[in-house]
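Before any comments, here is the structure.
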Amino acid sequence: MSAWPPDFVITLETAMTDATPLDRYSRQMRFPGMGKAGQEKLLASRVTLCGCGALGTVLANVLVRAGVGFIRVVDRDFVEPSNLQRQVLFDEADVANNMPKAEAAAVKMRQINSGVTVEPVVADIDRTNVEDLCRDADLILDGSDNFEVRYLINDVAVKHGKPWVYGGAVGSQGMTMTIVPGETPCLRCVFEGVPNPGDVGTCETAGVLAPTVNIVGSYQAAEALKLLSGNKAAINRELLIVDVWENTNRRVKVAPLMGRKGQCPCCAKRTFEWLDGAHGTQTTTLCGRNAVQVSHRTGGKLDFPQLAATLRASGAVSYNKFLLKFQLEEKGEPYEFTVFPDGRAIIKGTSETDKARTLYAKYVGH
Ligand SMILES: [Zn+2]
């Protein structure tokens, strides 16, 4: 009579027991540029991911599987049905549960790789918090959808001498550039200021194809792997512009723009105008969503049960520990509030900042 379990099961169990934590990265380590030394550097490295939407979820997915040891995921938003076409870490349950993107991403990332540390931060990146969020990182990654955040990242990166990788995607076109302070031009050397509203399309006006963000996010992730594994010589030093519909792939040489002849306010003159508050706003119209974000720091945490009790007289309220939703009608117009514990709110139903501020003051208070 043959023994049970059969031999092959025992062999398999033995193999599992003998496995080292590095085995899961064997295909990556076999790549000569990475090796065991590069993998160990990845595991010991820290990244701040600014924004976890389309580009951010692609980046988070690749980096957590690659074994980047610590990933801080910062995002101000929550998961909506129109995100699912391209934001690869989210699903319908995240929409149903009103999950903030940072928290939803962290759940998935821990399921993918329990051997790395993921720190979700539900917050709007602004000049008051960006240094704290990025100071301890070896690398900053841009997964954001707005220029204000990118110029803030650029200021922090140059000020503290940290590399960062810019990425953007709209429609079928995307671009990326790697910035290593002191070695490559910074964002302001290449793009002096924020484009005028209307000059560039947004994901709402021009749409966006999932392959565009997957390609740009993957290019950014490759740059991250090079920088974190100690392969700085291999990075892309040009501005890369891809179009998946027009079938074009352009590389713009940006090296001659380095410091813009000593006049770049950021990397040449070391004045950090975005960080110092010379630029930037506290009320933000969210690109094409007929929504406005009102940042109002309470200094403490909002008491959701109490707030819900007062709002129920005016409309429908629901909340979980991450956010409170409030729907109301005023003069026949529907509005939807999404309020976060720090007092920040996204108000849907208007793109006028004054109207949003008025609504906020009326219902949330302060
Ligand atoms: Zn510069």
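With the simple spin-label model, which puts each label point 7 Å out from Cα in the Cβ direction, the ASN129 to LYS36 separation comes to 4.2 nm. For the stretch 131-241, the relative contact order is 29 percent, taking Cα pairs closer than 8 Å that sit 6 or more residues apart in sequence and dividing their mean separation by the residue count. Annotation: the antiparallel percentage among DSSP beta bridges lying fully within the chain is about 70. First check a/c for the stretch 81-192, with a ≥ b ≥ c the square roots of the eigenvalues of its C-alpha gyration tensor; if it is under 1.5, answer rounded, and if not, answer prolate when a/b is larger than b/c or oblate otherwise. Here the stretch 81-192 falls in the prolate category. Where Lys and Arg each count +1 and Asp and Glu each count -1, what net charge lies around ALA345 among other residues with Cβ under 11 Å from its Cβ? Residues close to ALA345 contribute a combined charge of +2.
For the chain, what relative contact order do you get, as a whole percent, if you take Cα pairs closer than 8 Å and at least 6 residues apart? The value is 13 percent. Going by a ≥ b ≥ c, the root eigenvalues of the Cα gyration tensor, does the stretch 157-271 fall in the rounded group (a/c under 1.5), the prolate group (a/b larger than b/c) or the oblate group? Oblate. In this rough spin-label picture, where each label sits 7 Å from Cα along the Cβ direction, the ARG65-VAL194 distance is 3.5 nm. Along the chain, counting only trypsin sites (Lys or Arg not before Pro) with a DSSP assignment other than H, G, I, E or B and at most 10 other Cβ atoms inside a 10 Å radius, the longest segment between sites is 1-260. Counted residue by residue at 0.36 nm each, then reduced by the alpha carbon distance between them, the extension gain from SER82 to ALA361 reaches 97.6 nm.
Starting from the 7 Å offset along Cα-to-Cβ, what nm value, one decimal, do you get for the label separation of ASP136 and GLU238? For ASP136 paired with GLU238, the spin-label model returns 3.9 nm.
Net charge in the neighbourhood of ARG251 (other residues with Cβ under 11 Å of its Cβ; Lys, Arg +1, Asp, Glu -1) is +2. Relative to the compact-globule estimate of 2.2 N^0.38 Å, the Cα radius of gyration of the stretch 25-128 comes out at 1.12. P(r) tail, the stretch 222-275: Cα-Cα pairs separated by more than 17 Å, 62% of all pairs. Taking a ≥ b ≥ c as the square roots of the Cα gyration tensor eigenvalues, the stretch 48-88 comes out oblate, since a/c reaches at least 1.5 and a/b does not exceed b/c.
Over the chain, dividing the summed -39,500 (n - 2.57) contributions of all DSSP H runs of at least 4 residues by the number of residues returns a 222 nm mean residue ellipticity of -9500 deg cm²/dmol. For the pair ALA278 and ASP354, the difference between a 0.36 nm per residue extended length and the Cα-Cα distance amounts to 25.2 nm.
Report the extension gain between ASN231 and LYS253 in nm, rounded to one decimal, defined as 0.36 nm multiplied by the number of residues separating them, less their alpha carbon distance.
This chain segment gains 5.9 nm when fully extended.
Only Cα pairs under 8 Å and 6+ residues apart enter the sum, and on that basis the relative contact order of the stretch 78-149 stands at 21 percent.
Geometric descriptor of the chain, per residue, is 185 Å³ (volume of the convex hull of the Cα atoms).
Here the convex hull built on the C-alpha positions of the stretch 301-366 has a volume of 80 cubic angstrom per residue.
No lab work stands behind these numbers, since they all come straight from the coordinates. Every value quoted in this text rests on a predicted model; they were computed, and no experiment measured them. Methodologically, a virtual Cβ is constructed for each residue, glycine included, from the backbone with ideal geometry; neighbour enumeration extends over all protein chains shown.
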